[in-house]
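Asker: Please read through the structure below; I'll follow up with questions.
The values are calculated or read from the model by the stated rules, or taken from the named source; none is laboratory data. Because the structure is predicted, anything quoted here is derived from the model rather than measured. Glycine gets a Cβ as well: all are built from the backbone with ideal geometry, and neighbour counts include every protein chain shown. Each accessible area value is taken on the protein alone, full model and side chains, heavy atoms only, with ligands, DNA and RNA left out. Shrake-Rupley method; radii C 1.70, N 1.55, O 1.52, S 1.80 Å.
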Amino acid sequence: MREVQVVRWPTERTRLDALRRDGVPCLIVVASGTAVPTLRRTCEDWVRAGADPSEIRARLSSLRTRAIRDHRPSVDEEGILRFRGSLAPLTSTEVVVVSSLLEYVSTVVEREAIAARLAAANRSSSRNALDLHIMRLRKKLRPLGLSIETVHGRGYVLGAIKDRGEVPSAPGQGVPRPSAPRDGTAAS
């Protein structure tokens, strides 16, 4: 995780935009008489210029804690997978697979659920095609510190490589999700 950056507002607006794009946690120091910018992420906070140093230290500490807790893999609208300051461009098919896995980080995602999402996106969803997608993704995700583990007979689990720490739980984790019926009928 990158260290929290202190950014002066509004003079360093461009720098703030770049740090936001890169997912860097920021403490925004707002000039007197200037409107406070809209905070866009949980790893952002603000103080007025001239704030007490103890308040600044407290906010920096809080931001560090939130950045660690909230730092999880994500795919942006351009199909770029981001995790811990690293990124990997994904093909449109890989976005479908990774998005399926990201919904339930550190939880088993059934092969059938991933295959159904691939089919819905008009992508090849056969058993061999899914195996190939997973194999390619493993190679692409490893440099980011992520792995896809196979749970025999069930599906896959996306998580952090152990020597780099654990991936925090994703929102909604642990919520039961419908599984595709095995007989080919529609789920109710």
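Asker: Over 22 Å from residue 101 (Cβ atoms), open to solvent by less than 40 Å² (accessible area, probe 1.4 Å) and part of a loop (DSSP other than H, G, I, E, B): is that true of residue 51 in this structure?
Answerer: Values: over 22 Å from residue 101 (Cβ atoms): yes; open to solvent by less than 40 Å² (accessible area, probe 1.4 Å): yes; part of a loop (DSSP other than H, G, I, E, B): yes.
Spelling it out, residue 51 is indeed over 22 Å from residue 101 (Cβ atoms), open to solvent by less than 40 Å² (accessible area, probe 1.4 Å) and part of a loop (DSSP other than H, G, I, E, B).
Asker: Determine which member of the set 34, 42 is of a type in the set (S, T, N, Q) and open to solvent by 60 Å² or more (accessible area, probe 1.4 Å).
Answerer: Every option except 42 fails the conditions.
Asker: Moving on. Only one of these conditions is not met by residue 6: (1) more than 28 Å from residue 101 (Cα to Cα); (2) open to solvent by 40 Å² or more (accessible area, probe 1.4 Å); (3) not in a strand (DSSP E or B). Which number is it?
Answerer: The number of the failed condition is (3).
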